[in-house]
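First up is the structure itself, then whatever we jot down about it.
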Amino acid sequence: MESTLLAHHLGLAGLVFAIGLVGVLIRRNLLVTYMCLELMLAAAMLALVAFSRHNGTMDGQALVFFIITVAAAEVAVGLALIVALQRRGGAVSSDR
């Protein structure tokens with residue numbers, strides 16, 4: 001029973017990561033690309049929590065709190081850069 005839950009959680013994490021990866025590879029808008037990168041980060045955190053629950057330790061869950069903290073700082077800096085680029089040049093595209 002426990003291994004099927006791990007497989008379900010890892011399958012969901014893999015699906016979310018794949019959606020984020022496809023979004024990063026296909027889309028050209030920097031804001032959408034940035035959101036897809038955050039989606040990939042969330043999938044990695046889901047996998048960490050799933051492994052942590054499976055092993056019965058709190059190590060993965062504690063690591064997720066540090067990742068969330070760093071991701072919040074990353075979001076602030078990344079969105080500030082995207083807004084500055086948008087104000088300077090109009091459209092925000094990774095082609096330019």
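In this entry, Val22 passes the filter for residues that are open to solvent by 60 Å² or more (accessible area, probe 1.4 Å) and at pLDDT 90 or above. If we keep just the residues of the stretch 7-19 that are under 10 Å from Ala47 (Cβ atoms) and of a type in the set (A, V, I, L, M, F, W, C), which is surrounded by the most Cβ atoms within 10 Å (Cβ to Cβ)? Going through the qualifying residues, I end up with Ala13.
Inclusion of Glu74 among residues that are at pLDDT below 90, part of a helix (DSSP H, G or I) and surrounded by 13 or more Cβ atoms within 10 Å (Cβ to Cβ) is warranted.
Entry remark, the stretch 28-58: residues being more than 22 Å from Ala73 (Cβ to Cβ), surrounded by fewer than 16 Cβ atoms within 10 Å (Cβ to Cβ) and of a type in the set (D, E, K, R) number 1 in total. Does Phe51 satisfy being closer than 30 Å to Val83 by Cα, modelled with pLDDT of 90 or more and among the aromatic types (Phe, Trp, Tyr)? Here the answer is no, as Phe51 does not meet what is asked. Residue check: is Thr69 outside any helix (DSSP H, G or I) and out of contact with any Gly (no Cβ under 9 Å at 6 or more places or on another chain)? For Thr69, the condition - outside any helix (DSSP H, G or I) and out of contact with any Gly (no Cβ under 9 Å at 6 or more places or on another chain) - is not met. Remark: pairs (first residue in the stretch 26-42, of a type in the set (Gly, Ala, Ser); second residue open to solvent by 80 Å² or more (accessible area, probe 1.4 Å); Cβ separation under 9 Å; 6+ apart in sequence or on different chains) = Ala42/Phe17.
The values are calculated or read from the model by the stated rules, or taken from the named source; none is laboratory data. Just so it is clear, the model here is predicted, and its values are computed rather than measured. Cβ coordinates were reconstructed from backbone atoms using ideal geometry, including for glycine residues, and neighbour counts include every protein chain displayed. Areas reflect the complete protein model, heavy atoms only, side chains present, ligands, DNA and RNA absent. Shrake-Rupley method; radii C 1.70, N 1.55, O 1.52, S 1.80 Å.
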